[in-house]
1. What single numbered condition from (1) farther than 21 Å from residue 225 by Cβ; (2) touching a residue at least 24 places away in the same chain (Cβ under 8 Å); (3) in contact with a helix residue (DSSP H, G or I) (Cβ under 7 Å, 6 or more places away or on another chain) fails to hold for residue 138?
2. Looking at the stretch 2-44, which of the residues that are more than 15 Å from the chain's Cα centre (by Cα) and surrounded by 18 or more Cβ atoms within 10 Å (Cβ to Cβ) is modelled with the lowest pLDDT?
3. For the subset of the stretch 113-124 comprising residues that are assigned to a strand (DSSP E or B) and touching a helix residue (DSSP H, G or I) at 6+ places or on another chain (Cβ under 7 Å), which member is surrounded by the fewest Cβ atoms within 10 Å (Cβ to Cβ)?
4. Give me the pairs: first residue in the stretch 206-232 and at negative phi and free of Cβ contacts under 8 Å to residues at least 12 places away in the same chain, second residue surrounded by 15 or more Cβ atoms within 10 Å (Cβ to Cβ) and in a loop (DSSP other than H, G, I, E, B), beta-carbon distance under 8 Å, and six or more apart or on different chains, which are they?
5. Can you find a residue in the stretch 158-170 that is buried (at least 20 other Cβ atoms within 10 Å of the Cβ), touching a strand residue (DSSP E or B) at 6+ places or on another chain (Cβ under 8 Å) and over 25 Å from residue 61 (Cβ atoms)?
6. Which members of the stretch 97-110 meet the condition of being surrounded by fewer than 18 Cβ atoms within 10 Å (Cβ to Cβ) and outside any strand (DSSP E or B)?
7. Within the stretch 84-96, can one find any residue that is within 27 Å of residue 192 (Cα to Cα) and assigned to a strand (DSSP E or B)?
8. Of these, 69, 95, 73, which one is on the phi > 0 side of the Ramachandran plot and either touching a strand residue (DSSP E or B) at 6+ places or on another chain (Cβ under 8 Å) or in contact (Cβ under 8 Å) with a residue 12 or more places away in the chain (or both)?
């Protein structure tokens, strides 16, 4: 009888600990050579919430983030889902090789981690972690994150100050390595759903060519980010 009582107390204590909020430290490192991240959005949420879903159409909020770096719509969506949010932990752009750290207290209902940021300069590329289940055990966990294409805009690779949904073009090149006068890589896409980004083509012509992007600087392959999560 005593053994059963002790076992019951241990189980009760474990359930109580599980019910408490957990603290997460999320480090995001930019692994690219010449691509910048627009303001990051890091969140924990329930299993019914997605910021994006590969193979599905992008939401209007995702489109605004992927084309122009605007995370306000996604923040609003997350607040509606009672998610825990860390917005713009880098306090601006996150450059190549740089790391930003987000701190979150996540409640028991918010067991999934998502991270997004626009890849700049691209037309509608973004780095994304899609609803990764947060480990139950304390410890440090590492994930490598791919770049995705929102499928909402042709990858013309023309820098023209665009960025608003429905306005073609790339807003800017923060690194200042781009050219001008490009005719455009393409004006259409084969896949209009969220999918793995093929990377940028670029060229070596700073005063014309098909792309305003520099092939020696901006070209990238997956993964584009390293995410280190510490669960306490």
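The values are calculated or read from the model by the stated rules, or taken from the named source; none is laboratory data. All of these numbers come straight from a predicted model, not from anything done at the bench. We place every Cβ from the backbone using ideal geometry, glycine too, and count neighbours over all the protein chains shown.
1. That leaves (3) as the condition not met.
2. Within the stretch 2-44, the match that is modelled with the lowest pLDDT is 22.
3. 116
4. Note: no pairs meet the criteria.
5. So far as the stretch 158-170 goes, no, none of its residues is buried (at least 20 other Cβ atoms within 10 Å of the Cβ), touching a strand residue (DSSP E or B) at 6+ places or on another chain (Cβ under 8 Å) and over 25 Å from residue 61 (Cβ atoms).
6. Those that are surrounded by fewer than 18 Cβ atoms within 10 Å (Cβ to Cβ) and outside any strand (DSSP E or B): 97, 98, 107, 108, 109.
7. No: zero hits.
8. Exactly one of 69, 95, 73 is on the phi > 0 side of the Ramachandran plot and either touching a strand residue (DSSP E or B) at 6+ places or on another chain (Cβ under 8 Å) or in contact (Cβ under 8 Å) with a residue 12 or more places away in the chain (or both), namely 69.
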